[in-house]
2 protein chains.
Amino acid sequence: MVRALVFDVFGTLVDWRSGVAEAFRAADVPGDPGELADAWRARYRPILDAVNDGQRPWGTFDELHLVTLDDLLAERGVSVPLAVRQQLVHAWHRLDPWPDARSGLEELRRERVVAPLSNGHVALLVDLARHGDLRFDCVLSAELANAYKPAPQTYLTAARLLDVAPEDLMLVAAHPSDLQGARSAGLRTAFIDRPLELGPHTASRQDPAADVSVADLHELAVALQ
Amino acid sequence: MVRALVFDVFGTLVDWRSGVAEAFRAADVPGDPGELADAWRARYRPILDAVNDGQRPWGTFDELHLVTLDDLLAERGVSVPLAVRQQLVHAWHRLDPWPDARSGLEELRRERVVAPLSNGHVALLVDLARHGDLRFDCVLSAELANAYKPAPQTYLTAARLLDVAPEDLMLVAAHPSDLQGARSAGLRTAFIDRPLELGPHTASRQDPAADVSVADLHELAVALQ
């Protein structure tokens, strides 16, 4: 019995690439805005792994995004004032949700507890939820476990805080690696297809090991009935 | 500038006494239901202090409520089956909000981040918010600080997770001791009068040290303008 649903956020509920590309465009950073967004995001996994491996101290997404942005700009020999770089970092706080996210969460929370479970920090997730008018029952984050997904303690901390057994908790995500991490911690999993996450040329993804695979949150509500 | 508001819950947003008394009545526990509710609640502060002092391990409110209920019933020589005692413990998950709470939170969150900051654990607060249709931007709890209010780290953990300076965070509470704890941690404070918290004979309370004192959440919204 699925008693609660936790959602990956970046790519699963919100369209990070369009918002970040728009911020690069608005900031007049030289280069293709979409490619810059992709290149910034590509530095995400390595820096989180460094934290999980103990090679870096814990950091909020604002702190880590500034480090990875500075690395990216340095690599390309582009100079951008700090105030503009901070605006770019803040772009991650006001990303638009995918079209089904707001109404889908409303539908799903009639029957079950819903919460984000993101590697983003709590304050960032609060801003995203307010920006997109996304209603959650609470906000869960890697910050509350001091470990980033896919470390098992991130998922297990969510189950503990919601007071549900791991097998009664389902992670909803567009990323097979996240879903695999959740399964390793004993959670159920729902794969949601977001074919535009990386722009029009996003490679097709699927996760045959997921309990359910859906095209949007409304399909998930039907699948859970 | 008050950027975010955190709210005490039991007594400040929800009417614990009526709900718990009703649960004693429904369970046919011998004695006056309101007096039983008061006597149970009176065992709250000592057991939280024992945890903060390191004399007891951390416990959720469900765990602590069961301990204090068992002590109360043993003291009175009353025998109640475990299933009924668990129902009584669960009554704390479905308490009705004060009449202004739901609409007041909606009004306040238009301008500022709003969150509970309760000694109750996250899962309990989620149940209360769903029961009363209270909309928060996230759920903050002593559970996330591993210390109960009025320990300063409870308030400081809330400020850290919301990414605001303590002086930009305001605690709203009906209890001067809670407000004093918040001030000791550097927060601003709003006293809200709940003259029915302990039934019709609640002693009058005030907190002259609070930044604002109001009769309900709508008055608070006006005061913060």
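Scanning segment B:83-127 for residues that are within 14 Å of another protein chain (Cβ to nearest Cβ), among the hydrophobic types (A, V, I, L, M, F, W, C) and without any contact (Cβ under 8 Å) to a residue 24 or more places away in the chain yields B:V122, B:V126.
Total residues in segment A:143-158 satisfying the condition of being touching a residue at least 60 places away in the same chain (Cβ under 8 Å), open to solvent by 10 Å² or more (accessible area, probe 1.4 Å) and either touching a Lys or Arg at 6+ places or on another chain (Cβ under 8 Å) or in a loop (DSSP other than H, G, I, E, B) (or both): the figure is 2. When segment B:1-33 is examined, which residues are found to be within 18 Å of the chain's Cα centre (by Cα), of a type outside the set (A, V, I, L, M, F, W, C) and not in a loop (DSSP other than H, G, I, E, B)? Of everything in segment B:1-33, those that are within 18 Å of the chain's Cα centre (by Cα), of a type outside the set (A, V, I, L, M, F, W, C) and not in a loop (DSSP other than H, G, I, E, B) turn out to be B:R17, B:S18, B:G19. Would you mention how many residues in segment A:190-211 are of a type in the set (A, V, I, L, M, F, W, C) and surrounded by fewer than 18 Cβ atoms within 10 Å (Cβ to Cβ)? Residues meeting the conditions: 4.
Scan A:L124, A:L161, A:L169, A:L117 and give me the residue that is of a type outside the set (S, T, N, Q), touching a Phe, Trp or Tyr at 6+ places or on another chain (Cβ under 9 Å) and farther than 16 Å from A:V9 by Cβ. Among A:L124, A:L161, A:L169, A:L117, only A:L169 is of a type outside the set (S, T, N, Q), touching a Phe, Trp or Tyr at 6+ places or on another chain (Cβ under 9 Å) and farther than 16 Å from A:V9 by Cβ.
Checking B:D38, B:D62, B:D70 one by one, the residue that is free of Cβ contacts under 8 Å to residues at least 40 places away in the same chain and acidic (D, E) is B:D70 and no other. For B:S79, the conditions (1) more than 14 Å from the chain's Cα centre (by Cα); (2) buried (at least 17 other Cβ atoms within 10 Å of the Cβ); (3) outside any helix (DSSP H, G or I); (4) more than 14 Å from every other protein chain (Cβ to nearest Cβ) all hold with the exception of (2). With the structure loaded, tell me whether A:R45 is under 29 Å from A:V214 (Cβ atoms), open to solvent by 50 Å² or more (accessible area, probe 1.4 Å) and either assigned by the TED database to the domain that holds A:Y148 or not in a strand (DSSP E or B) (or both) or whether it fails that test. The answer is yes for A:R45. The lone criterion from (1) open to solvent by 40 Å² or more (accessible area, probe 1.4 Å); (2) under 14 Å from the mean Cα position of the chain (by Cα) left unmet by B:W58 is number (2). With the checklist (1) outside any loop (DSSP other than H, G, I, E, B); (2) open to solvent by less than 10 Å² (accessible area, probe 1.4 Å); (3) within 14 Å of chain B (Cβ to nearest Cβ); (4) within 19 Å of A:V20 (Cα to Cα) in hand, flag the one item A:L69 doesn't pass. Among (1) outside any loop (DSSP other than H, G, I, E, B); (2) open to solvent by less than 10 Å² (accessible area, probe 1.4 Å); (3) within 14 Å of chain B (Cβ to nearest Cβ); (4) within 19 Å of A:V20 (Cα to Cα), the lone unmet condition for A:L69 is (3).
Filtering segment B:128-142 to residues that are within 7 Å of chain A (Cβ to nearest Cβ), within 18 Å of A:G132 (Cβ to Cβ) and surrounded by 15 or more Cβ atoms within 10 Å (Cβ to Cβ) leaves B:D137, B:C138. Right, A:D178: closer than 19 Å to A:A4 by Cα and open to solvent by 30 Å² or more (accessible area, probe 1.4 Å) or not? Taking the combined requirement at face value, the residue does not satisfy it. Checking each residue in segment B:82-100 for being open to solvent by less than 10 Å² (accessible area, probe 1.4 Å) and out of contact with any helix residue (DSSP H, G or I) (no Cβ under 8 Å at 6 or more places or on another chain) picks out no residue at all. Filtered by the rule that a residue be open to solvent by less than 20 Å² (accessible area, probe 1.4 Å) and either assigned to a loop (DSSP other than H, G, I, E, B) or touching a Pro at 6+ places or on another chain (Cβ under 7 Å) (or both), segment B:101-127 gives B:N119, B:G120, B:H121, B:L125.
Condition check ((1) under 12 Å from the mean Cα position of the chain (by Cα); (2) assigned by the TED database to the domain that holds B:P57) across all residues:
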{"residue": "B:R85", "(1), (2)": "no, yes"}
{"residue": "B:A101", "(1), (2)": "no, no"}
{"residue": "B:E106", "(1), (2)": "no, no"}
{"residue": "B:L124", "(1), (2)": "yes, no"}
{"residue": "B:Y148", "(1), (2)": "yes, no"}
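Pick from segment A:159-199 the residues that are closer than 15 Å to A:P116 by Cα and assigned to a helix (DSSP H, G or I): which of them is nearest to the chain's Cα centre (by Cα)? Top of the filtered list is A:D178.
The values are calculated or read from the model by the stated rules, or taken from the named source; none is laboratory data. Values in this document were obtained by computation on a predicted structure and should not be read as measured data. Note that each Cβ is placed from the backbone with ideal geometry, even for glycine, and that neighbours are counted across all protein chains shown. When the accessible area is computed, the model is the full protein with side chains, heavy atoms only, and any ligands, DNA or RNA have been set aside. Shrake-Rupley method; radii C 1.70, N 1.55, O 1.52, S 1.80 Å.
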